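The values are calculated or read from the model by the stated rules, or taken from the named source; none is laboratory data. None of these values were measured; they are calculated from a predicted model. Backbone-built Cβ (ideal geometry, glycine too); neighbour counts: all protein chains shown. To get the accessible areas, we keep the full protein, side chains included, count just its heavy atoms, and leave off ligands, DNA and RNA. Shrake-Rupley method; radii C 1.70, N 1.55, O 1.52, S 1.80 Å.
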Amino acid sequence: MMEYDQRLARFRQGHVNPFNRGEEEGAREEKNAPELEVRPQLFSSETKNQTVDRTMDLGLAEDHFSRPVGSFVASDIEQLKQAIEECKRLIPELPEHSERQKDTVVKLIHLRLKLQELEDPEEEEPNLRVLLEHRFSKEKSKSVKQTCDKCSTIIWGLIQTWYTCTGCYFRCHSKCMNLITKPCVKSKVSHQSEYELNICPEIGLDRQDYRCAECRTPVSLRGVPSEARQCDYTGQYYCSSCHWNDTAAIPARVIHNWEFEPRKVCRSSMRYLALMMPRPVLKLREINPLLFNFVEELVEIRKLRQDILLMKPYFITCKEAMEARLLLQLHERQHFVENDDMYSLQDLIDISSGRLSCSLTEIHTTFAKHIKLDCERCQAKGFVCELCKEGDVLFPFDSHTSVCHDCSAVFHRDCYYDNSTTCPRCTRMTERKHDPANPQVA
């Protein structure tokens, strides 16, 4: 009996009575219920700091700029928002310029980037898009700071997709592409390669109905609702979104006044002038022939170009010159080996600065050295003055020679101008032409 009582006592001390288990568990749940309902205040004391660090560390070990995979639950975004707000609150409270404050600022930036990535997941954008004759190519640069030509805001390459037109270099956000209304300037260059040759042909803001010449936004000289900015190339007025106060050399001022000071132009004019810059479309002898009387550099360049045209036949028939590709030294100014009267705006700018004279003189020296010294075949194509029959072998590009316009014979300049008779070679060819015994001689 005594042993039974001991066993019953041990059972009651170490085990729950099976008959009262439900009541005891209910009492325990009621006792713990208030503890479950009482929630700690958000970010309080040490718990708050631990929660902030844990929330701010959310995804920071990952690649924040990679495209999110799968779907994200709302709790992730809510935690990021809470961490961002807490960072914003803690930054002014932390000691200024302290390491803790700097780390918190860095975490705030990363959290905002991560939040934008989760809230705005983008679909894969195509690498090439065609719109209004623009050929937009997707850019991959993440660090270069650019400005959208459509909305005039900064393009953040780290988190935004942006495109550049391969023709006119128009840059814009992916989201702004459907808002573009201006065709590609390169198409205008291809179909209408000519400049406006009147200096600032202004028609007046009233003729524009007080609207931007491009986007038709209301403008005024007082800046209400938008400032009217004049383009010195077209003479028209534009709004601040279409005219960023960019500057460029104006072709009309260069040709008529030999003035190269950059003037303010609108965005479309700037792109048009940039594309037209290397194109040889200016025939100075027709537009302003008096310019050669006042600009000595133009006369010098014209003489060098004429000499190069006289050297060209030697190179075309010379095997060594073709193998050395001497004429390719002028590949950036191909029109120099085609004519001597067409100029590009870039040519005139380089003439004014002196760069073209130096480079063209060097090329001229290289060409002359090949013909007169290095190549025996080219030397054999020289001339002997038939008037004095003295001196060295002459070439048509020598400075002390003159060339017959009819037969291309070369003479000493003094001999040719002092001789009162006609060209001996022309006379000989005329006699042979009328000689019945030589009907085949031209």
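Okay, here's what the table says:
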| quantity | calculated |
| --- | --- |
| So residue 273, is it open to solvent by less than 80 Å² (accessible area, probe 1.4 Å), over 22 Å from the mean Cα position of the chain (by Cα), touching a residue at least 12 places away in the same chain (Cβ under 8 Å) and closer than 23 Å to residue 348 by Cα | no |
| Top-ranked residue in region 76-116 [being at pLDDT 85 or above and of a type in the set (S, T, N, Q); ranked as least open to solvent (accessible area, probe 1.4 Å)] | 104 |
| Flag for residue 431 being open to solvent by 90 Å² or more (accessible area, probe 1.4 Å), without any contact (Cβ under 8 Å) to a residue 60 or more places away in the chain and under 30 Å from residue 194 (Cα atoms) | no |
| Filter pass, residue 228 being touching a Leu at 6+ places or on another chain (Cβ under 6 Å) and surrounded by 20 or more Cβ atoms within 10 Å (Cβ to Cβ) | yes |
| Within region 235-279, tally of residues that are part of a loop (DSSP other than H, G, I, E, B) and among the aliphatic types (A, V, I, L, M) | 3 |
| Some residue of region 123-143 being modelled with pLDDT of 85 or more, open to solvent by less than 40 Å² (accessible area, probe 1.4 Å) and assigned to a loop (DSSP other than H, G, I, E, B) | no |
| Residues satisfying the stated conditions in region 376-422, i.e. among the basic types (Lys, Arg), closer than 23 Å to residue 318 by Cα and either free of Cβ contacts under 8 Å to residues at least 60 places away in the same chain or assigned to a helix (DSSP H, G or I) (or both) | 377 |
| Residue tally, condition open to solvent by 40 Å² or more (accessible area, probe 1.4 Å) and touching a residue at least 60 places away in the same chain (Cβ under 8 Å), over region 152-179 | 4 |
| Residue list for region 233-266, restricted to those being of a type in the set (A, V, I, L, M, F, W, C) and either surrounded by fewer than 18 Cβ atoms within 10 Å (Cβ to Cβ) or free of Cβ contacts under 8 Å to residues at least 24 places away in the same chain (or both) | 244, 258, 260 |
| Which numbered condition residue 437 fails, given (1) hydrophobic (A, V, I, L, M, F, W, C); (2) at pLDDT 80 or above; (3) surrounded by fewer than 10 Cβ atoms within 10 Å (Cβ to Cβ) | (2) |
| Of residues in region 387-403 being modelled with pLDDT under 85 and either open to solvent by less than 20 Å² (accessible area, probe 1.4 Å) or over 54 Å from the mean Cα position of the chain (by Cα) (or both), the one nearest to residue 369 (Cα to Cα) | 391 |
| Qualifying positions in region 321-353 - touching a residue at least 60 places away in the same chain (Cβ under 8 Å) and part of a helix (DSSP H, G or I) | 345, 346, 347, 348, 349, 352 |
